Amino acid sequence: MNWEEKLKIYDELIDKCHRFERQGKTVPFTSANGYMFSILNKAGELGIRFGKYAQKKHMEKLNTTVFKSHGATMRGYILIPDAMLEDLDTLAKYLNESYDHVMSLEPK
């Protein structure tokens, strides 16, 4: 799957979540409360941010790892496996959980 196809899927995912919108033109992302909480990097990898406990739990459940973008490990983010891109309803639950997490943080 190429980057444009993944961008289309990312946009479809965001459309399922009515509390926030996609931002960014060259590097699409979502943010709220001053915090970015999802990103589609140049490699076409999707990262979603969680609190420490949820990050560990989701990494184990999805058999994945931390998310890296531009060679840097992004704190709190997990790499969403490509297979998950076929289940947007479940992925929307993860993204909404991430939104709830950043909204619970002190605003930036």
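The values are calculated or read from the model by the stated rules, or taken from the named source; none is laboratory data. These numbers were taken from a predicted model, which means no experiment stands behind them. Quick reminder, even Gly has a Cβ in these numbers, built from the backbone with ideal geometry, and neighbours come from all protein chains shown. To get the accessible areas, we keep the full protein, side chains included, count just its heavy atoms, and leave off ligands, DNA and RNA. Shrake-Rupley method; radii C 1.70, N 1.55, O 1.52, S 1.80 Å.
Taking the 1.4 Å solvent-accessible surface of the chain as the whole, the part contributed by carbon and sulfur is 51%. Other residues lying with their Cβ under 11 Å from the Cβ of Leu91 contribute a combined charge of -3, Lys and Arg counting +1, Asp and Glu -1.
Averaged per residue, what accessible surface does the stretch 1-77 expose to a 1.4 Å probe, in Å²? Write out the running numbers ahead of the final one.
On the way: 4620 Å² over 77 residues.
Normalised by residue count, the accessible surface of the stretch 1-77 is 60 Å².
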